[in-house]
Structure formats: C-alpha cells, structure tokens
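Worksheet for the structure shown next.
The values are calculated or read from the model by the stated rules, or taken from the named source; none is laboratory data. Remember, predicted model here, so these are calculated numbers, not experimental data. Here the Cβ positions follow ideal geometry from the backbone for every residue, glycine too, while neighbour counts run over all protein chains shown.
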Amino acid sequence: MKWMVIASTLLILFAFSGGGMADEPPFTGSIGLETTFRPDPALVPPHTVEIELDLEFSIADFTWESSTLFDLKGFKRQIFTTTVDLGLAAISNEITFKRPSRFTKNHLAVDVSIIGIDFGIDLILADIGFPQTPHFSIGMVIDIRGELPVGSNIISLTGFGVRDLERMLDDRPVAVVEGFAFEEQLTKISLDHLGIRAAALTIFTPLGLDRASLQFGYRYADPLAELALSFMMKTDFGSDLRITGMEFEVGATIARIDFKSHTEFAPKPPLPLAFDRQRFTISGSIAALDITSKTIFVAPFAFYSQQITIVTEIEPIKFTTQTTFDMTGFAAMEIEVGLTISGVHLYTSAAFTMRGITKVVVGFQLTF
C-alpha cells in the first residue's frame, strides 16, 4: 500500500517543480512550540506533559507544514502536509505517523475548478487496525461542488470505502472502512438569496435512503439601525421519512448586542418528539470588554451549564477568561494571557476547578 504514499509525494514534487518558480517568490513561514502540563494523581509520575512543535513554510504557491507531538514517553504523533495551488487546480497531501513511528494515514486531495464548478478527488490510505495489527484500507471521495442560479449551490459527495461524509462539510476527516466499495452518497442543495436561507440534504447508502434533513430560515438586517433578526428551522428524517429531530433557532442583534436561542427536539418514547436541549447565547461589548454568555438547559428544561467568556485586548496584550458553572455551582475556569510583538506571539493559560489546577499551557509562535 506504500505505493500511494510514494505516488502522492511524487505528484506534489512534480507540481511544485512546474508551479511558476521563475520569479524569486516571497518566502514566509511560522514556528510554534506549545507545552501542555496536566496533573493526574492516578499516573506515575502524577502528571502528563505534551510538547507540540508546529512548522509552516510557504514559497510562491507551495506550502509545507509539520506538526510533531511528544509526551513523556517520547514521540507520539507526526503529521506532514504539503499543498500546491496552481490556480485552476490545487493538490494537497497529508501523511500521519503515530507512536512508535508507525505510518497510519495518507490523504491525497486533487481539486480542479472549471467554469464555476469544483471537481475533487480524495484518496485516503488508512491503517484501520491501529493500534493493533497493521491493516490498511483505501477509500475515495468524489467531490463535486457548483453554484446554481439565484444564490444557490450544490454539493455532491460520493464515498467508496469511506463513511460519515457529512464530516467533510465541516472540514473534518471521514472514516475509512474495510473494502473499496460504495458506502455513501451525500447531496446538499442550499439557497441564500434576499434574506431567505434554505437547504436540503440527503444521504444514501447501498440500502437506499439513510437520512435526510430540510432547513429553512430568514434573515433581516438594517445596518443603519444596527438591527438584525433571523429565524431558522431544521427537520431531520430517518430512512423511513419519519421525523427524527427538529431544531429551531431565533437570533437578534440590537445595538451591537447579539442574542441567539437554539432549541432541539428529539424522539423520547412513547412521544415521537419532545424537548431535548435549549441553548441561549448573549454576546456584546462593554468598553474594552467582549462578553459572551452561553447557557444550556436540558429536558425537562433543567439548568445544565453556563459558560461566560470575557475578552479584553489592549495592544499588544490580550486577556481571556472562561468561567463554567454547572448544576452544583462553580465548575471550572480558564485564564489565558497573550502578547504579540513584531511577529512573535507569546501565550500562557491555566485551567482549574475547585480541586486545583487541571491544565497549564505555555507556548509561542514566530511568524516571518
């Protein structure tokens, strides 16, 4: 299976060699180092330490990235990513190794854009037997995206040897499974025109329709009056077209204060659908403070948690606190302080509960 790693690397190098390097292109990059300390009395020694080194270098349309993770046992994970942007086409390749220096995944993506339509092919070679006996399987996703008239667009994802294609809509990795056969087909059509927002999503498997969802909403905004109102409703369906869930979202922005209410309903036998979760979010600015409060209620509308985030920035210093409360009262707090001067970002954070410190992070990033 290593042929895929070799072929994808050669393809990147070939594209890089012909990608317009004649004009002494600018060189940019960044170096980041982060150390995370977590106390854990159940371990020997009674703590964990992780050190992550991130490197990124770009020259013209070529980018190379490296992310290396170490802990007290030594090497833990390594990810190499190379990307070439050729204008009409883009090629990227991601290779992952995990302890003990074991190759676990190679993800090669080729995207071509022609007359407003994007064609993409993702080839994924993954060790689905990790961390036991190595067992490799290949998956492929055919990705077609295009714009339709009147502010609408369509996305079509077809997976062979991969599942959970819906993750790709949020740029998350799909799951590679045994055998190179058709597994899923996802189609999403969305509309955003004159304040109307709508979307329809369907997912098919070899057994037929697996699930679907419909979404409809409207947004009104008046910048001069600093006023915006929005509404969104989403309905999920199962393979038999029965409703499996509903979500309602109402939002309002008044004088730069944002309010959002998100309500979820789920099947609760013997009821076909009942209240499941409610999230209220309020955010705004007071002087130099940006404050966000997220409160969650669960069935039967009981308080579950509240998270208050306060951010203040007085250049070159940025200060952030995040306090969490649960049903018992104070649950946790995290404090982060960052300093940015001449391309150098230094930061440190600490998280603690009533029992003491749970995490300490110290890091820096140099950009040039």
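Can you tell me which residue within the range 325-356, out of those that are of a type in the set (S, T, N, Q) and surrounded by 12 or more Cβ atoms within 10 Å (Cβ to Cβ), is farthest from Asp54 (Cα to Cα)? I'd like the intermediate steps shown before the answer.
Quick first cut of the range 325-356, residues of a type in the set (S, T, N, Q) only: 328, 340, 342, 348-349, 353.
With the extra rule that they be surrounded by 12 or more Cβ atoms within 10 Å (Cβ to Cβ), the set shrinks to 340, 348-349, 353.
On the way: Thr340: 18, Thr348: 17, Ser349: 18, Thr353: 29 Å.
Within the range 325-356, the match that is farthest from Asp54 (Cα to Cα) is Thr353.
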Take Gln322 and tell me if it is without any contact (Cβ under 8 Å) to a residue 40 or more places away in the chain, within 20 Å of Met354 (Cβ to Cβ) and surrounded by 16 or more Cβ atoms within 10 Å (Cβ to Cβ). yes
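Yes or no: Tyr347 part of a strand (DSSP E or B), in contact (Cβ under 8 Å) with a residue 12 or more places away in the chain and under 26 Å from Ile257 (Cβ atoms)?
Working: part of a strand (DSSP E or B): yes; in contact (Cβ under 8 Å) with a residue 12 or more places away in the chain: yes; under 26 Å from Ile257 (Cβ atoms): no.
No.
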Go through Lys359, Lys260, Lys294, Lys268 for me and flag whichever is surrounded by 12 or more Cβ atoms within 10 Å (Cβ to Cβ), in contact with a Gly (Cβ under 7 Å, 6 or more places away or on another chain) and of a type in the set (Lys, Arg). Lys260
Failed criterion for Phe180 (all others in (1) touching a Ser or Thr at 6+ places or on another chain (Cβ under 8 Å); (2) farther than 27 Å from Ile142 by Cα; (3) of a type in the set (A, V, I, L, M, F, W, C) hold): (2)
Some residue of the range 125-137 being surrounded by fewer than 18 Cβ atoms within 10 Å (Cβ to Cβ), modelled with pLDDT of 95 or more and under 24 Å from the mean Cα position of the chain (by Cα): no
Test for Thr187: is it within 30 Å of Phe231 (Cα to Cα), of a type in the set (S, T, N, Q) and in a strand (DSSP E or B): yes
Residue pairs within 8 Å by beta carbon, gap of at least six or interchain, first lying in the range 131-148 and of a type in the set (Ser, Thr, Tyr), second loosely packed, with under 12 Cβ neighbours inside 10 Å, listed first then second, are Ser137/Glu178; Ser137/Gly179
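Out of the range 240-289, which residues are hydroxyl-bearing (Ser, Thr, Tyr), under 30 Å from Pro316 (Cα atoms) and more than 24 Å from the chain's Cα centre (by Cα)? Write out each step before concluding.
Of the residues in the range 240-289, the ones hydroxyl-bearing (Ser, Thr, Tyr) are 244, 253, 261, 263, 281, 283, 285.
After this cut, where a residue has to be under 30 Å from Pro316 (Cα atoms) as well, the list is 253, 281, 283, 285.
Within the range 240-289, Thr253, Ser285 qualify.
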Taking the range 200-236 on its own, how many of its residues are touching a Gly at 6+ places or on another chain (Cβ under 9 Å) and not small (Gly, Ala, Ser)? 13
One residue from Glu147, Glu166, Glu94 being of a type in the set (Asp, Glu) and either exposed (fewer than 15 other Cβ atoms within 10 Å of the Cβ) or more than 22 Å from the chain's Cα centre (by Cα) (or both): Glu147
Close pairs (7 angstrom Cβ cut-off, 6 or more residues apart or separate chains): in contact (Cβ under 8 Å) with a residue 60 or more places away in the chain in the range 180-200, in a loop (DSSP other than H, G, I, E, B) and of a type in the set (Ser, Thr, Tyr) anywhere: none
Kindly indicate whether Arg197 is in contact with a Gly (Cβ under 6 Å, 6 or more places away or on another chain) and either of a type in the set (Lys, Arg) or outside any strand (DSSP E or B) (or both). yes
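Could you tell me whether Thr321 is in contact with a Ser or Thr (Cβ under 9 Å, 6 or more places away or on another chain), hydroxyl-bearing (Ser, Thr, Tyr) and either part of a strand (DSSP E or B) or at pLDDT 95 or above (or both)?
Values: in contact with a Ser or Thr (Cβ under 9 Å, 6 or more places away or on another chain): yes; hydroxyl-bearing (Ser, Thr, Tyr): yes; either part of a strand (DSSP E or B) or at pLDDT 95 or above (or both): yes.
Yes.
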For the structure I just gave you, tell me whether Gly116 is touching a His at 6+ places or on another chain (Cβ under 7 Å), in contact (Cβ under 8 Å) with a residue 12 or more places away in the chain and either surrounded by fewer than 16 Cβ atoms within 10 Å (Cβ to Cβ) or of a type in the set (D, E, K, R) (or both). no
